[in-house]
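Shown next, in structure tokens, is the structure this report addresses.
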């Protein structure tokens with residue numbers, strides 16, 4: 001009986017379960033794109049061409065930036081510099097063929113990569129939070145949304161998913177405000193300036209400022 005129970009425990013799917021994301025994709029490349037399978041798990045990013053002629057794997061430590069802001073696209077930028085493009089890094093753009101990726105993928109990448117993730121991720125709000133109607137101006141046009149600040153991080157939630165952003169406090173270098181209707185978030189990857197449609201509450205700014213400065217001073221939030 002003991003041996004039977006041991007076999008059942010060791011063979012339990014829950015015991016060995018881990019997050020694995022599989023997508024049928026189109027890899028954008030010149031002169032023409034190709035189809036294949038993309039797998040993202042704790043070992044990194046793996047790709048295999050449909051005909052099996054080409055495959056590669058990118059370990060987590062070699063990923064400079066992951067962009068999941070477009071729900072139908074996954075963009076992976078590596079540390080490798082391209083000789084033919086000044087300061088340009090080798091980048092893989094995977095277009096999903098059959099489905100959209102969701103916030104679960106963004107959370108997984110955020111937990112497994114050392115660098116910030118570009119894209120939308122639902123914050124797991126814990127206690128105090130603030131939401132302010134906002135507008136983000138693009139080089140051409142812009143998008144409406146709302147600024148959310150809570151104990152887990154800062155988000156810009158846009159009407160268009162591709163324009164949304166989510167920042168963990170550990171990834172934020174600094175925040176700032178030129179006046180009561182402006183808010184700035186600066187990370188290693190970008191600087192995001194947001195126009196606010198309502199006055200920025202002092203309590204909201206203080207909440208985020210305390211969290212950012214505690215991270216910088218290596219003091220853990222209570």
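Here are a few things to note about the model shown:
- Within the stretch 124-139, not a single residue is under 12 Å from the mean Cα position of the chain (by Cα) and buried (at least 20 other Cβ atoms within 10 Å of the Cβ).
- Some residue of the stretch 162-170 being outside any strand (DSSP E or B) and in contact with a helix residue (DSSP H, G or I) (Cβ under 9 Å, 6 or more places away or on another chain): yes
- Inter-residue pairs, beta-carbon under 8 Å, first surrounded by 14 or more Cβ atoms within 10 Å (Cβ to Cβ) and in the stretch 197-210, second assigned to a helix (DSSP H, G or I), 6+ apart: 208/169
- Looking only at the stretch 140-171, and only at residues there that are out of contact with any strand residue (DSSP E or B) (no Cβ under 6 Å at 6 or more places or on another chain) and within 24 Å of residue 207 (Cβ to Cβ), the one that is surrounded by the fewest Cβ atoms within 10 Å (Cβ to Cβ): 170
- Residue that is modelled with the lowest pLDDT, among those in the stretch 88-105 that are part of a helix (DSSP H, G or I) and either out of contact with any strand residue (DSSP E or B) (no Cβ under 6 Å at 6 or more places or on another chain) or farther than 14 Å from residue 71 by Cβ (or both): 103
The values are calculated or read from the model by the stated rules, or taken from the named source; none is laboratory data. If you're wondering where the values come from, they're calculated on a predicted model, not measured in any experiment. Counting neighbours? That spans all protein chains shown, and the Cβs are built from the backbone with ideal geometry, glycine included.
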